[in-house]
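FYI, it's all coordinate maths here, none of it is from the lab. A quick note: this is a predicted structure, and the numbers were derived from the prediction, not measured. Note that each Cβ is placed from the backbone with ideal geometry, even for glycine, and that neighbours are counted across all protein chains shown.
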Amino acid sequence: MLHNEPLDRIVSVEVMFDNARGISGEDPEHIQWVKEFAIPRLKELTGIDTDLIRNEKDDYLTEFFKKRGTKTKYPERIGKYQGFLLGGFCRMNSIGKMTPMRRYWRQFRRNYVSYVGIALDEPERLARLKSNSVSLLAKYGYTERMAFDLCAKYDLLSPNYINSSRGGCWFCPNNKVHGFCELRRKHPELWEELRKLSGVKNTISQNFCYDKTFAQMEKLMNWNEKQLSIIFD
């Protein structure tokens, strides 16, 4: 659009928590914004429709209840559920994003170039780019801050960034305490989904967020909210 780069299709991937019940894994305000505003806005700017895709087979729950097979170095884990995804090693990026993307591109059966949103000041992510992927942000010298400002200029800034410096799935183990507090306050029904999972037996680990169980995380959240209440009262 700005530099006349060739563009044939726009693709957005929605990570799912539970396909059967239609529960998205995306932040509720963000995915609503994507569907109701961002996609029409991109159509207005580019004239191209956006394909919103997902992994129709696997979601967060299928990964949670996946049983560990016999091919493991840890015999004590055989037959147990995977449980909560590990912080720093979340498989939903592969399962929820990359798998449906690979399936999507496979339908064209020809060479393609994929534009990805990695900024100039993200060298580690840029180093992992595949040969058929290009970062236009890096190509034209845009840092993360500059990309943020560019999105704001074209009215394409997700509501995620109003009160947070990060986006991501609402169940992400890399979330901070205040992020989980916001989730519980704004979407108690989603927090209840995680509470139910915390009671599942026969899981490899009970850890919910790195070395903290769900109950331990809730204690931190309660303390955090109590402290804020004292400050503002």
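Just to be sure before I move on: is Pro188 within 30 Å of Leu220 (Cα to Cα), touching a residue at least 60 places away in the same chain (Cβ under 8 Å) and either of a type in the set (D, E, K, R) or out of contact with any Ser or Thr (no Cβ under 9 Å at 6 or more places or on another chain) (or both) in the structure I sent? So Pro188 fails the test. Does Ala152 qualify as being surrounded by 14 or more Cβ atoms within 10 Å (Cβ to Cβ) and either of a type outside the set (D, E, K, R) or in contact with a helix residue (DSSP H, G or I) (Cβ under 7 Å, 6 or more places away or on another chain) (or both)? In short, no. The number of residues in the stretch 75-117 that are surrounded by fewer than 14 Cβ atoms within 10 Å (Cβ to Cβ), under 25 Å from Ala215 (Cβ atoms) and not aromatic (Phe, Trp, Tyr) comes to 3.
A count restricted to the stretch 118-142 and to residues that are of a type outside the set (S, T, N, Q), part of a loop (DSSP other than H, G, I, E, B) and exposed (fewer than 14 other Cβ atoms within 10 Å of the Cβ) stands at 4.
Taken over the stretch 100-118, the criterion of being under 18 Å from the mean Cα position of the chain (by Cα) and either among the basic types (Lys, Arg) or over 13 Å from Val11 (Cα atoms) (or both) is satisfied by Arg102, Ile118.
I need a count of the residues in the stretch 13-44 that are of a type in the set (D, E, K, R), under 12 Å from the mean Cα position of the chain (by Cα) and within 15 Å of Ile162 (Cβ to Cβ).
Within the stretch 13-44, residues that are of a type in the set (D, E, K, R), under 12 Å from the mean Cα position of the chain (by Cα) and within 15 Å of Ile162 (Cβ to Cβ) number 1.
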